[in-house]
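Take a look at the structure set out below.
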Amino acid sequence: MKITLIGAGNMGSGLAKHITKAGHALVITGRDAAKAKGLAETSGATFKASNAAEGADVVIVATAFGDAVTALGAVGDLTGKVVIDISNPLTADYMGLTIGHSTSAAEEIQTAFPKAKLVKAFNTVFAQALAAGPLLDGETIPVYFAGDDVAAKETVKALIQSIGFTPVDAGGLKNARYLEPLGGLNIYFGYGAGKGTAVAPKWIGLK
């Protein structure tokens, strides 16, 4: 699979590690070119400063929600591309969400890029758990994903499986309205309640 990763932060670093290890062809780009280039070098990926989405099967935007639209707009034509949004629309103190109920970060990004095939995924996994995974406390970490395009979801499911995590289909893209608060709750447990980042949500009995 040919994948373009936007962002070289903690989540981007964890994803890059697993994606290249699984044998996918990875291109990394980002606002901080030096940081993106450094991650590409250490992870065995390729750095690309412009038109980074060209030829990609999947584009992962690993930025904060507030930066996602600008970041995606800088990588080239996204028509027909599978775009994975991993963000949560967090308040400045990380203890709340800025939007919800009637929309979500994923839906807002889809509106900005209507010709892309948007899928929500990875937003309920801490960067630290992602990097150390796919096992957490002896169990495989689930990655919930939601989207409206069936083929795009199958692509994302295959990607999640290929890097060793358990894909869990969470329905249509509007269900990102539920996944993002779940991500927020995970952040509360990790930081607000002081439980640390070695935690992840999992439904008991869900097959």
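Each residue in the stretch 8-64 was checked for being out of contact with any helix residue (DSSP H, G or I) (no Cβ under 9 Å at 6 or more places or on another chain) and hydroxyl-bearing (Ser, Thr, Tyr), and 1 pass. The listed residues are Thr98, Thr70, Thr42, Thr79, and the only one of them that is touching a Pro at 6+ places or on another chain (Cβ under 7 Å) and open to solvent by 60 Å² or more (accessible area, probe 1.4 Å) turns out to be Thr98. If you check Val150, Val199 for being surrounded by fewer than 17 Cβ atoms within 10 Å (Cβ to Cβ) and either in contact with a helix residue (DSSP H, G or I) (Cβ under 9 Å, 6 or more places away or on another chain) or free of Cβ contacts under 8 Å to residues at least 24 places away in the same chain (or both), only one passes: Val150. Can you name the residue in the stretch 51-65 that is open to solvent by 40 Å² or more (accessible area, probe 1.4 Å) and either in contact with a Lys or Arg (Cβ under 8 Å, 6 or more places away or on another chain) or assigned to a loop (DSSP other than H, G, I, E, B) (or both) and, of all such residues, is nearest to Thr29 (Cα to Cα)? Here the answer is Asn51.
Where residues in the stretch 1-11 are touching a strand residue (DSSP E or B) at 6+ places or on another chain (Cβ under 6 Å) and buried (at least 20 other Cβ atoms within 10 Å of the Cβ), which of them is nearest to Thr70 (Cα to Cα)? It would help to see each step written out before you state the result.
Step one: of the stretch 1-11, the residues touching a strand residue (DSSP E or B) at 6+ places or on another chain (Cβ under 6 Å) are 2-6.
Filter once more, so that each one left must be buried (at least 20 other Cβ atoms within 10 Å of the Cβ): 3-6.
Values: Ile3: 19, Thr4: 15, Leu5: 14, Ile6: 11 Å.
So, considering only residues that are touching a strand residue (DSSP E or B) at 6+ places or on another chain (Cβ under 6 Å) and buried (at least 20 other Cβ atoms within 10 Å of the Cβ), the one nearest to Thr70 (Cα to Cα) is Ile6.
Only a single criterion out of (1) in a strand (DSSP E or B); (2) within 18 Å of Gln128 (Cα to Cα) is not satisfied by Gly12, namely (1). Inside the stretch 186-196, residues that are surrounded by 13 or more Cβ atoms within 10 Å (Cβ to Cβ) and either at pLDDT below 95 or not β-branched (Val, Ile, Thr) (or both) make up a count of 6. Each residue in the stretch 109-120 was checked for being in contact (Cβ under 8 Å) with a residue 40 or more places away in the chain and either of a type in the set (Asp, Glu) or in a strand (DSSP E or B) (or both), and 3 pass. Determine whether Lys17 is over 17 Å from Phe122 (Cβ atoms), part of a helix (DSSP H, G or I) and either open to solvent by 30 Å² or more (accessible area, probe 1.4 Å) or at pLDDT 95 or above (or both). Considered against the rule, which asks whether it is over 17 Å from Phe122 (Cβ atoms), part of a helix (DSSP H, G or I) and either open to solvent by 30 Å² or more (accessible area, probe 1.4 Å) or at pLDDT 95 or above (or both), Lys17 comes out as no. Residues of the stretch 66-107 that are among the aliphatic types (A, V, I, L, M) and not in a loop (DSSP other than H, G, I, E, B): Ala68, Val69, Ala71, Leu72, Val82, Val83, Ile84, Leu90, Leu97, Ala105, Ala106.
Pairs are defined by a Cβ separation below 8 Å, a sequence spacing of at least 6 or placement on different chains, a first member in the stretch 163-178 that is more than 25 Å from Lys2 (Cβ to Cβ), and a second member that is open to solvent by 20 Å² or more (accessible area, probe 1.4 Å) and not in a helix (DSSP H, G or I); the pairs so defined are Gly172/Asp148; Arg177/Gly100; Arg177/His101; Arg177/Ser102; Arg177/Thr103; Tyr178/Ala170.
The values are calculated or read from the model by the stated rules, or taken from the named source; none is laboratory data. The structure displayed is predicted, hence computed values, not measured ones. Backbone-built Cβ (ideal geometry, glycine too); neighbour counts: all protein chains shown. All accessible areas refer to the heavy atoms of the entire protein, side chains included, with ligands and DNA or RNA removed. Shrake-Rupley method; radii C 1.70, N 1.55, O 1.52, S 1.80 Å.
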